[in-house]
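These notes are about the structure you will find just below.
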Amino acid sequence: MEVVNIILTVILVVVTSIYTFITYKTLLSYKNPILFLRTSLIDTKHEWDKYLMRDLDPVQEQIRGLSKITIDKKIKFKLVNNGTSPAYDIVMKYEIQTFKNDITFGIDEADVKDYKAVQYKKSIREVNFNYLAPKEEIDIDIVFTSNFPKIEIIVTELKSKEVSSIKKPTTIFVYNNNEHCEIGDSIDYRNMVGV
């Protein structure tokens with residue numbers, strides 16, 4: 001009987017220790033900053049920043065598969081700390097994957113049968129911030145949509161000294177050039193798909 005009491009006491013101590021540890025980690029997490037990203041696509045008529053396009057090369061119209069009609073929009077991130085404590089030493093790593101159209105022709109180049117987006121250029125970037133107060137946010141310009149028919153933004157890491165919010169590659173935003181609804185005729189259509 002005494003052995004059974006000892007075993008039950010040891011089990012109770014182990015279970016209590018595990019429960020205490022879980023409770024401690026949970027309460028500690030409430031003190032950490034809570035980092036997340038909001039994305040937006042905004043109109044940017046008459047605005048251009050070559051630095052945003054630095055490793056994607058602002059596109060030339062003669063590259064087949066890239067729209068000959070430039071769309072004046074920009075992809076932005078808003079980095080938000082929704083926690084109750086500040087975030088220090090923030091690191092965000094992300095990739096910009098651009099696409100161009102692979103076009104299937106019929107009789108000649110005036111006869112576009114089909115097209116699909118294929119990978120074109122990729123840019124790997126990193127931004128760092130020293131401090132982000134609770135309930136504050138930082139605007140980050142990512143890339144202009146320019147002549148690309150499709151762009152994917154993948155965040156590979158988002159962390160601060162206190163917490164890691166994104167640990168594996170996560171697609172945060174996908175842009176598709178939906179301006180096809182404004183096409184008036186077949187010449188506009190060929191310009192849009194990049195013929």
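The values are calculated or read from the model by the stated rules, or taken from the named source; none is laboratory data. Nothing here was measured: the structure is a model prediction, and the numbers come from that model. Please note: Cβ atoms are built from the backbone with ideal geometry, for glycine as well, and neighbour counts cover all protein chains shown. With ligands, DNA and RNA removed, areas are computed over all heavy atoms of the protein, side chains included. Shrake-Rupley method; radii C 1.70, N 1.55, O 1.52, S 1.80 Å.
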_Exposure of Asp89 as accessible area (Å², to 10), given a probe of 1.4 Å and all protein chains_ = 90 Å²
*Ser164 versus Lys116: modelled label distance in nm, points set 7 Å from Cα along the beta carbon direction*: 3.6 nm
*If you keep only loop residues by DSSP, which trypsin sites (Lys or Arg not before Pro) in region 105-138 have at most 13 other Cβ atoms within 10 Å of their Cβ?*
Lys135
*For an R0 of 35 angstrom, estimate the FRET efficiency from the Cβ-Cβ distance between Ala133 and Gln62 and round to the nearest 0.05.*
0.15
*Using a cut-off of 20 Å between alpha-carbon atoms, which lysines can reach Lys74, once sequence neighbours fewer than 8 places away in the same chain are excluded?*
Lys45, Lys50, Lys93, Lys100, Lys121, Lys122, Lys150
*asked:* Quick one: 3J(HN,Hα) in Hz for region 77-94, Karplus 6.51/-1.76/1.60 with θ = phi - 60°, rounded, Gly and Pro as x.
replied: 10, 10, 8, 10, 9, 9, x, 9, 10, x, 10, 10, 6, 7, 10, 10, 10, 8
